[in-house]
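The values are calculated or read from the model by the stated rules, or taken from the named source; none is laboratory data. What you see is a predicted model; the values in this text were computed from it and never measured. With ideal geometry, Cβ positions are generated from the backbone for all residues, glycine too; neighbour counts draw on all protein chains shown.
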Amino acid sequence: MLTASDRTALAGTAVDEVVAASGTDGGSQCRWQADAAVIQVTTLPAKEWAKSLPDVVKNLESSSASASPADKKDLETAKKLLSGAASFTDEQACQAFTTLAELDGDPKGTTTTVTSIPITETESGISAQGCDDGELTSVLYSIPGLKETAAIDKTVTTILERAQKRYAAAQ
């Protein structure tokens, strides 16, 4: 789902060594690396992604002791929204994706998010995720010392959109 030129656009250099990766039920995952750079693209039915969300909310609840009242309210909203996540359709899962993004401060109707995520104790990666037409697609990019910037966010989002288009065309 990502071409060599997509990976080069993201990393600024060739990232072509394929690394073993395991997909999930009904999904696929591809991973490449070069030196310390890692790029990964994952796609799976949104309903499969949604099944993991109640556990995510539980983890957030256990770490929310010092959360603000607004954050606790958002967590309660998410908990209610995801109470039936195990039986969501793909469409319902994408709707939940949008609602969760909105709770996190993204604009109304958001179908794509970009976040910094921990890779190790000292390093982070940038993850762009999108939920469209019942499919969740994620692009992860990491290099040592990576800092999130508007330019990186835009590039990761562009690469995500290309991967989504290629996936849709292949279906």
Across region 17-43, the tally of residues that are modelled with pLDDT of 90 or more, surrounded by fewer than 19 Cβ atoms within 10 Å (Cβ to Cβ) and in contact with an Asp or Glu (Cβ under 7 Å, 6 or more places away or on another chain) stands at 2
Meets criteria (under 15 Å from the mean Cα position of the chain (by Cα), assigned to a strand (DSSP E or B) and surrounded by fewer than 21 Cβ atoms within 10 Å (Cβ to Cβ)) for Thr99: no
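To keep it simple, each residue is scored yes or no on (1) among the hydroxyl-bearing types (Ser, Thr, Tyr); (2) within 22 Å of Lys51 (Cβ to Cβ); (3) free of Cβ contacts under 8 Å to residues at least 12 places away in the same chain; (4) surrounded by 12 or more Cβ atoms within 10 Å (Cβ to Cβ).
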site	(1), (2), (3), (4)
Lys73	no, no, yes, yes
Gln92	no, yes, no, yes
Gly134	no, yes, no, yes
Thr137	yes, yes, no, yes
Tyr167	yes, yes, no, yes
